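Heads up: the structure comes next, in structure tokens.
The values are calculated or read from the model by the stated rules, or taken from the named source; none is laboratory data. Quantities reported herein were computed from a predicted structural model and do not represent experimental measurements. Heads up, the Cβs are rebuilt from the backbone with ideal geometry, glycines too, and the neighbour counts pull from every protein chain shown.
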Amino acid sequence: MMLHQVSQFYIKSIKMKTLLKTEEMLMSMLGYVISPKLGPLTYNSFHHKGIAIVFYLIGSYFEISVLQLIGVILFSHASKDRIFGYGLKYFNAFNNTHLGKIGKYNR
């Protein structure tokens, strides 16, 4: 019985992570579909560590574990992006970030 509960918990957590990742990607990239000027704004809002901290703190204050989880996922995702050299986007081009140019034309 215990193994079944653990496996159900694992499956639920994988589904939640996949859902949050898909939602975050769609919401942050949706701006680029609408407008090249709106794209960096939506992308940067979902990849800003301060926003992630605000989500976590609101979740902690109101004891809403989903908001805490969203804050942790956003913070870790933004940190992973910084490790791999992806930064917040500038408005002039998608490959221009605050960490430098990205992509195959970064020379």
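For first residues located in the stretch 79-102 and within 13 Å of K49 (Cβ to Cβ) and touching a residue at least 24 places away in the same chain (Cβ under 8 Å), partners that are surrounded by 13 or more Cβ atoms within 10 Å (Cβ to Cβ) and among the basic types (K, R) and lie 6+ apart or on another chain with Cβ distances below 9 Å form the pairs S79/K49.
Can you find a residue in the stretch 8-21 that is at pLDDT 80 or above, touching a helix residue (DSSP H, G or I) at 6+ places or on another chain (Cβ under 6 Å) and surrounded by 10 or more Cβ atoms within 10 Å (Cβ to Cβ)?
The first filter runs over the stretch 8-21 and keeps only residues at pLDDT 80 or above, leaving none.
Looking through the stretch 8-21, none of the residues is at pLDDT 80 or above, touching a helix residue (DSSP H, G or I) at 6+ places or on another chain (Cβ under 6 Å) and surrounded by 10 or more Cβ atoms within 10 Å (Cβ to Cβ).
Of the residues contained in the stretch 54-72, none is found to be free of Cβ contacts under 8 Å to residues at least 12 places away in the same chain and within 13 Å of the chain's Cα centre (by Cα).
Would you say Y61 is at pLDDT 85 or above and either in contact with a Phe, Trp or Tyr (Cβ under 8 Å, 6 or more places away or on another chain) or closer than 21 Å to K101 by Cα (or both)? Step through it out loud before you land on a result.
On the way: at pLDDT 85 or above: yes; either in contact with a Phe, Trp or Tyr (Cβ under 8 Å, 6 or more places away or on another chain) or closer than 21 Å to K101 by Cα (or both): no.
In short, no.
Residues of the stretch 41-60 being of a type in the set (S, T, Y) and either closer than 10 Å to V72 by Cα or touching a Pro at 6+ places or on another chain (Cβ under 9 Å) (or both), which ones? Working first, answer last.
Quick first cut of the stretch 41-60, residues of a type in the set (S, T, Y) only: 42-43, 45, 56, 60.
Scanning the stretch 41-60 gives a single hit, Y56.
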